[in-house]
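Read through the structure below, which is laid out as structure tokens, and then see the notes.
Where a number appears in this text, it was derived from the coordinates with a stated rule and is not lab data. None of the values given here were measured: they were computed from a predicted structure. Positions of Cβ are backbone-derived with ideal geometry, glycine not excepted, and every protein chain shown enters the neighbour counts.
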Amino acid sequence: MGVEVSVEGLTKSFGSQNIWRDVTFTLPSGEVNALLGPSGTGKSVFLKTLIGLLHPEQGSVIIDGTDITLCSAKELYEIRKLFGVLFQDGALFGSMSLYDNIAFPLREHTKKKEDEVRRIVMEKVEMVGLLGAEDKLPGEISGGMRKRAGLARALVLDPQIILCDEPDSGLDPVRTAYISQLLIDINATIDATILIVTHNINIARTIPDNIGMLFRKELVMFGPREQLLTSEQPVVKQFLSGDRFGPIGMSEEKDEAVAAAEAAMQAAGISGGGTKDDFTEIIPQVQPNPGMPERKASVRHRERVLEMLPTFTPNVQDAILRSIAQEDEIKAQNRGEMAQAHAATVAAPAVALGKSAPDYAGDDAVTQSWAVAPGLVDGPTEEYEVPNEGGRHSSTEIPDNRS
Ligand SMILES: Nc1ncnc2c1ncn2[C@@H]1O[C@H](COP(=O)(O)OP(=O)(O)OP(=O)(O)O)[C@@H](O)[C@H]1O
Ligand SMILES: [Mg+2]
């Protein structure tokens, strides 16, 4: 199971420049989390602090029971084996082929023989869609390809904590969808705790269980995705909609004159260019591909969030409950479709199935999906109560496979 990462009172400065202060939150084990924030607010610095590459002045980062801010270099070296990190710039070695870059953590941290290294490297190369490019140098491939190579390298040790700094930057929308799905599938397979730094609002809406946001040197909020997506805080609303008008300016904070000029423009009906999308309309979270196991963390997340429900405002509670009901409906529908497809396969075994899953999932994944027949039957329906509203919502039962 993925490892919980607990950050408490973390403060980081470079010389006299404070980057953020008193940041406190917990990445629950195995859950998928996103960190948002305007450019320059210190998201990349935060990731580097989590793995002990940068040292905070104050606070603790507890990983697997160890405060890494107090670790010796040797202890840190061991703890880092838990991590797979995709750096914002890919951070590939320019003089090594993609193959050697991706093999690097295996050669550095394990005693695996070269044929085993090759098997793992080529599996990850295929996963990120880079087959055929493995002998190229980082300077000979596109920015998006470098990003995917960086992700492949982050995954070779089957990490328990995956940190991805803007996995989508430099990628086209289709590759972004594949990478997002890949992260969800990996989470379903190895239950790793994932933190994704992103400016991509579509990823923020559909991938994480929890979202946090950094602004003006502080963590504005961190909680279930529904909390941030339905937030009325001007900075959150502006960030999600991508509007010029609001507290975020070109250089993070706006001065009063600019704010007043913008207020006048707004009053005159001039658009700030943002999307008019309704973010309180929660879109379903991306589910693992057919053939992948169910995400254990999503079961744990649900239990945790339902327990915390009374602490949220009514609109957040409502969004969470709508989202749960929606997820149950989708899962039941998927199970129904798979059962139908399964029945059709039994009746006509010659039907080709391989094309229904993306290439990187491989044929094994497709084959597996036909082996889960016992789970295809919808679970019984139970009701749970909204603790401080007294309303009742129906939901299919939380599966038994929690651990
Ligand atoms: N090694 C360093 N030494 C001094 N200052 C640094 C260092 N690394 C980052 N900074 C400063 O910390 C601030 C935050 O940088 P960071 O790269 O974390 O921003 P970010 O939120 O990731 O931005 P973006 O969204 O553009 O990637 C910036 O002002 C940057 O100049
Ligand atoms: Mg950054």
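Results, tabulated for the structure shown:
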| read-out | value |
| --- | --- |
| Lysine pairs within the stretch 5-229, Cα separation less than 25 Å, 8 or more sequence positions apart or different chains | 29 |
| Linear extension gain, Met1 paired with Ala268, 0.36 nm per residue minus alpha-carbon span | 90.7 nm |
| Contour minus Cα-Cα distance for Ala259 and Thr24 (0.36 nm per residue) | 81.6 nm |
| Environment charge of Thr110, counting only residues whose C-beta is closer than 11 Å and scoring Lys/Arg +1, Asp/Glu -1 | +2 |
| The stretch 57-108 and the stretch 258-297: distance between their alpha carbon centers, rounded to Å | 33 |
| Cα gyration tensor, the stretch 164-261 - rounded (a/c under 1.5), prolate or oblate | prolate |
| Cα-based reach from Lys331 at 23 Å (exclusive), listing lysines while leaving out same-chain residues under 8 positions away | Lys296, Lys355 |
| Pairwise FRET efficiency - Ser72 versus Arg107, Cβ, R0 = 22 Å, nearest 0.05 | 0.40 |
| 20 °C / 1.002 mPa s Stokes-Einstein diffusion coefficient of the chain, Kirkwood radius on C-alpha pairs, µm²/s | 94 |
| Calculated FRET efficiency for the pair Leu53/Leu137, C-beta based, R₀ 25 Å, to 0.05 | 0.50 |
| For the chain, calculated [θ]222 nm from helices alone, where every DSSP H run of n ≥ 4 adds -39500 (n - 2.57) | -12000 deg cm²/dmol |
| Peptides 212-220, 64-72, 128-136, 147-155 ordered by average Cβ neighbours within 10 Å, highest first | 147-155, 212-220, 128-136, 64-72 |
| Span-like helix ranges in the chain, DSSP H, alpha carbon extent 15 angstrom or more, Kyte mean at least -0.5 | 98-109, 143-155, 173-190, 256-267, 314-347 |
| Computed lengthening from Ile62 to Glu303, 0.36 nm per intervening residue step minus Cα-Cα distance | 84.5 nm |
